[in-house]
Amino acid sequence: MSKNNFSLIVHTNSPGELMTWVEPFIKNFISIKPNSSIDLMLLPCQYASGEEAKLAKLIPGVQNVYSPKRSEEHTSELQS
(Lines give C-alpha, C1' and ligand atoms only; values in the text may rest on other atoms or scores of the structure.)
Protein backbone atom coordinates (compact mmCIF):
# COMPACT_ATOMS: atom_id res chain seq x y z
CA MET A 1 0.00 0.00 0.00
CA SER A 2 1.24 3.51 -0.77
CA LYS A 3 1.21 6.34 1.76
CA ASN A 4 -2.15 7.64 0.55
CA ASN A 5 -3.96 4.34 1.00
CA PHE A 6 -5.91 3.40 4.08
CA SER A 7 -7.49 0.15 5.20
CA LEU A 8 -10.82 0.35 7.03
CA ILE A 9 -12.88 -2.42 8.63
CA VAL A 10 -16.50 -1.58 9.38
CA HIS A 11 -18.53 -3.75 11.77
CA THR A 12 -22.31 -3.68 11.54
CA ASN A 13 -25.01 -6.00 12.71
CA SER A 14 -28.47 -5.14 11.49
CA PRO A 15 -30.11 -4.52 8.11
CA GLY A 16 -31.18 -1.07 9.31
CA GLU A 17 -27.61 -0.09 10.18
CA LEU A 18 -26.39 -1.28 6.81
CA MET A 19 -28.61 1.14 4.94
CA THR A 20 -28.97 4.03 7.39
CA TRP A 21 -25.38 4.70 8.47
CA VAL A 22 -22.96 2.25 6.84
CA GLU A 23 -23.68 3.17 3.23
CA PRO A 24 -23.56 6.97 3.78
CA PHE A 25 -20.49 6.61 6.02
CA ILE A 26 -18.60 4.66 3.35
CA LYS A 27 -19.63 7.13 0.65
CA ASN A 28 -18.31 9.99 2.78
CA PHE A 29 -15.16 8.11 3.72
CA ILE A 30 -14.35 7.35 0.06
CA SER A 31 -14.72 11.05 -0.78
CA ILE A 32 -12.04 11.82 1.83
CA LYS A 33 -9.76 8.80 1.31
CA PRO A 34 -10.44 7.64 -2.27
CA ASN A 35 -7.62 5.06 -2.43
CA SER A 36 -8.83 3.10 0.57
CA SER A 37 -9.57 -0.56 1.07
CA ILE A 38 -12.85 -1.15 2.90
CA ASP A 39 -13.96 -4.44 4.40
CA LEU A 40 -17.40 -4.89 5.91
CA MET A 41 -17.85 -7.40 8.71
CA LEU A 42 -21.42 -8.43 9.39
CA LEU A 43 -22.11 -9.46 12.97
CA PRO A 44 -24.89 -11.76 14.19
CA CYS A 45 -28.25 -10.01 14.53
CA GLN A 46 -31.65 -11.30 15.53
CA TYR A 47 -33.22 -9.06 12.89
CA ALA A 48 -31.04 -10.22 9.99
CA SER A 49 -32.85 -11.32 6.86
CA GLY A 50 -29.91 -13.28 5.46
CA GLU A 51 -29.64 -10.86 2.52
CA GLU A 52 -27.26 -8.41 4.22
CA ALA A 53 -24.10 -9.73 2.53
CA LYS A 54 -25.73 -9.45 -0.89
CA LEU A 55 -26.76 -5.84 -0.16
CA ALA A 56 -23.39 -4.96 1.35
CA LYS A 57 -21.59 -6.09 -1.81
CA LEU A 58 -23.58 -3.47 -3.74
CA ILE A 59 -22.22 -0.58 -1.65
CA PRO A 60 -19.66 1.27 -3.78
CA GLY A 61 -16.19 1.17 -2.24
CA VAL A 62 -16.61 -2.07 -0.28
CA GLN A 63 -13.98 -4.60 -1.35
CA ASN A 64 -14.79 -7.52 0.95
CA VAL A 65 -17.89 -8.56 2.87
CA TYR A 66 -17.60 -11.11 5.68
CA SER A 67 -20.61 -13.13 6.80
CA PRO A 68 -21.45 -13.14 10.53
CA LYS A 69 -19.81 -16.56 10.89
CA ARG A 70 -16.63 -15.48 9.09
CA SER A 71 -16.55 -12.20 11.03
CA GLU A 72 -16.61 -14.10 14.32
CA GLU A 73 -13.85 -16.44 13.11
CA HIS A 74 -11.72 -13.51 11.97
CA THR A 75 -12.21 -11.70 15.29
CA SER A 76 -11.21 -14.85 17.18
CA GLU A 77 -8.08 -15.16 15.03
CA LEU A 78 -7.11 -11.58 15.84
CA GLN A 79 -7.50 -12.21 19.57
CA SER A 80 -5.22 -15.28 19.51
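Is one or more of the residues making up the range 39-53 among the aliphatic types (A, V, I, L, M), in a helix (DSSP H, G or I) and in contact (Cβ under 8 Å) with a residue 12 or more places away in the chain?
Yes: one or more hits.
Do we find a residue being over 22 Å from residue 72 (Cα atoms) and not charged (D, E, K, R) anywhere in the range 13-22?
Checking the range 13-22: at least one residue is over 22 Å from residue 72 (Cα atoms) and not charged (D, E, K, R).
Any idea which residue in the range 34-48 is modelled with the lowest pLDDT, counting only those that are over 12 Å from residue 68 (Cα atoms) and surrounded by fewer than 16 Cβ atoms within 10 Å (Cβ to Cβ)?
Result: 47.
Condition first: surrounded by 14 or more Cβ atoms within 10 Å (Cβ to Cβ), more than 12 Å from residue 62 (Cα to Cα) and out of contact with any Cys (no Cβ under 6 Å at 6 or more places or on another chain). Now tell me which residues in the range 1-17 satisfy that.
Passing the criteria: 6, 11, 12, 15, 17.
The values are calculated or read from the model by the stated rules, or taken from the named source; none is laboratory data. It should be emphasised that the depicted structure is a prediction, and the values quoted were computed from it without experimental measurement. Quick reminder, even Gly has a Cβ in these numbers, built from the backbone with ideal geometry, and neighbours come from all protein chains shown.
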